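FYI, it's all coordinate maths here, none of it is from the lab. Computed from a predicted structure; not experimentally measured. Every residue, glycine as well, gets a Cβ built from its backbone with ideal geometry; the counts of neighbours run over all protein chains shown.
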Amino acid sequence: MISKTKIFDHGVAWEAANSVTQGYSVNGTIYISGQFSHDQHGFIDGDIETQTRLTLDNLDRVLKGFGITKANLAYLEIYLTKPQEHFETFVQVFKDYLEGHRPAATLIGVTYLASPQQIVEISAVAHAS
């Protein structure tokens, strides 16, 4: 069986420099790299609400790159640097974003993420159909 693969990138310089892609689809399953609140120049700023919204916007860009929506999300891993402090705000923004869709998810508290300004990151698995 020949697998059908496709990738998606945001087009920021560090993707190719670090040998990663934002999304990788093989046979209808889409693996989405950790998304965070960067703009096209890699700039990160804002509180937990702002960063969560921008992170979800970047997640939507990857989904759109594969021609799907958040309704296709099957699993998410969420990383917060201050889970006790940011949990309630994160969950409210996240619930609003999902609009009733209920994928499987895991929330993990971490000491730090790739960038010192980064306080949330979300990776995901989605399906094409």
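Evaluate the relative contact order of region 5-127 (contact order divided by residue number), counting alpha-carbon pairs under 8 angstrom at least 6 apart; express in whole percent. The value is 32 percent.
Let me have the relative contact order for region 19-83, percent, based on Cα pairs under 8 Å that are six or more residues apart. Normalised by residue count, the contact order of region 19-83 is 22 percent. Bridging of K64 to lysines at a Cα separation below 25 Å is possible for K4, K6, K95, once same-chain residues fewer than 8 apart are set aside. Positive contributions from Lys and Arg (+1) and negative ones from Asp and Glu (-1), summed over other residues with Cβ under 12 Å from the Cβ of F90, come out at -3.
If Lys and Arg each add +1 and Asp and Glu each add -1, what is the summed charge of the other residues whose beta carbon sits under 13 Å from the beta carbon of I108? Intermediate results must be reported in sequence, preceding the final value.
Details: positive: K82; negative: E77, E121.
Around I108, the charge tally is -1.
Sequence-ordered 3J(HN,Hα) estimates for region 76-86 from the Karplus curve with 6.51, -1.76 and 1.60 and θ = phi - 60° stand at 10, 10, 10, 10, 10, 7, 9, x, 5, 6, 9 Hz, glycine and proline given as x.
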